[in-house]
1. From the list Thr64, Thr31, Thr19, Thr47, pick out the single residue that is in a loop (DSSP other than H, G, I, E, B), out of contact with any Cys (no Cβ under 6 Å at 6 or more places or on another chain), over 16 Å from Phe159 (Cβ atoms) and modelled with pLDDT under 95.
2. Of all residues in the range 74-121 being open to solvent by 40 Å² or more (accessible area, probe 1.4 Å) and among the charged types (D, E, K, R), which is nearest to Arg2 (Cα to Cα)?
3. Counting only residues that are part of a helix (DSSP H, G or I) and touching a strand residue (DSSP E or B) at 6+ places or on another chain (Cβ under 8 Å), which one in the range 71-83 is farthest from Gly12 (Cα to Cα)?
4. Can you tell me which of Leu138, Leu107 is at pLDDT 95 or above, in a helix (DSSP H, G or I), closer than 18 Å to Leu58 by Cα and in contact with a Leu (Cβ under 8 Å, 6 or more places away or on another chain)?
5. Return yes or no: is Ala8 of a type in the set (A, V, I, L, M), assigned to a loop (DSSP other than H, G, I, E, B) and in contact with a strand residue (DSSP E or B) (Cβ under 7 Å, 6 or more places away or on another chain)?
6. Return only the number of the condition from (1) open to solvent by less than 10 Å² (accessible area, probe 1.4 Å); (2) in contact with an Asp or Glu (Cβ under 6 Å, 6 or more places away or on another chain) that Arg41 does not satisfy.
Amino acid sequence: PRCSQVEAYTDGSSKENGTENAVAGAGVWFTDHDNRNVSIRLPPPYTTNNAGEIAAALLAIQKTPSEAPLHLFTDSALVIKGLTYKHRDWEDDGYLDISNANLWKALISTARQKTAPLTYSKVKAHVGIAGNEGADKLADEGTKRGTPDKLNLHVPAAFEITGAKLSKMTQAKAYRML
């Protein structure tokens, strides 16, 4: 039997971004009153809005059966770019100088493990799209949680990419790795 497509809206949030008191939240909204909807506070060092956006996409994939087609809606151009093409360059460079590298590695490997299609769309933020507003509210609630939640960043060995490709290495990149 074929699984129906799942749609999930994702969003990240940060309070006091850029300060030592910064906290980030992630929200995933499937539908109203859906028990898969989730709001988390990210653990340190993941305290930026971008970290929340990446974590929300990761959570959406983790909460969806691998065999179910998933369509992500996000207002994050960074998440769309990371999932579609930027990850190739990051992998080639061994994730050198990439912010939130462990979040990206987990997101990319989790996406690759899906057996059904994963598609995504960029949506405008704060224009009244119910799913995006729901995810935004959940992400904001995450920043207000008293303690950070656990985040599953496990990358199976078969999907772990270590080191940089020498064929893509420049002298400047090599010196930064030292």
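1. Values: Thr64 fails: modelled with pLDDT under 95; Thr31 fails: modelled with pLDDT under 95; Thr47 fails: modelled with pLDDT under 95.
None of the other options fit; the residue is Thr19.
2. Step by step, filter the range 74-121, then rank; the result is Arg112.
3. Residues of the range 71-83 that are part of a helix (DSSP H, G or I), as a first pass: 77-83.
Okay, now just the ones that are also touching a strand residue (DSSP E or B) at 6+ places or on another chain (Cβ under 8 Å), so 77, 79-80, 83.
Numbers: Ala77: 12, Val79: 11, Ile80: 14, Leu83: 16 Å.
Within the range 71-83, the match that is farthest from Gly12 (Cα to Cα) is Leu83.
4. Leu107
5. Against the criterion (of a type in the set (A, V, I, L, M), assigned to a loop (DSSP other than H, G, I, E, B) and in contact with a strand residue (DSSP E or B) (Cβ under 7 Å, 6 or more places away or on another chain)), Ala8 does not qualify.
6. So Arg41 meets the others, but not (1).
The values are calculated or read from the model by the stated rules, or taken from the named source; none is laboratory data. Everything numeric here is computed off the predicted structure, so don't read it as measured data. FYI the Cβ positions are ideal-geometry reconstructions off the backbone, even for glycines, and counts take in every protein chain you see. Each accessible area value is taken on the protein alone, full model and side chains, heavy atoms only, with ligands, DNA and RNA left out. Shrake-Rupley method; radii C 1.70, N 1.55, O 1.52, S 1.80 Å.
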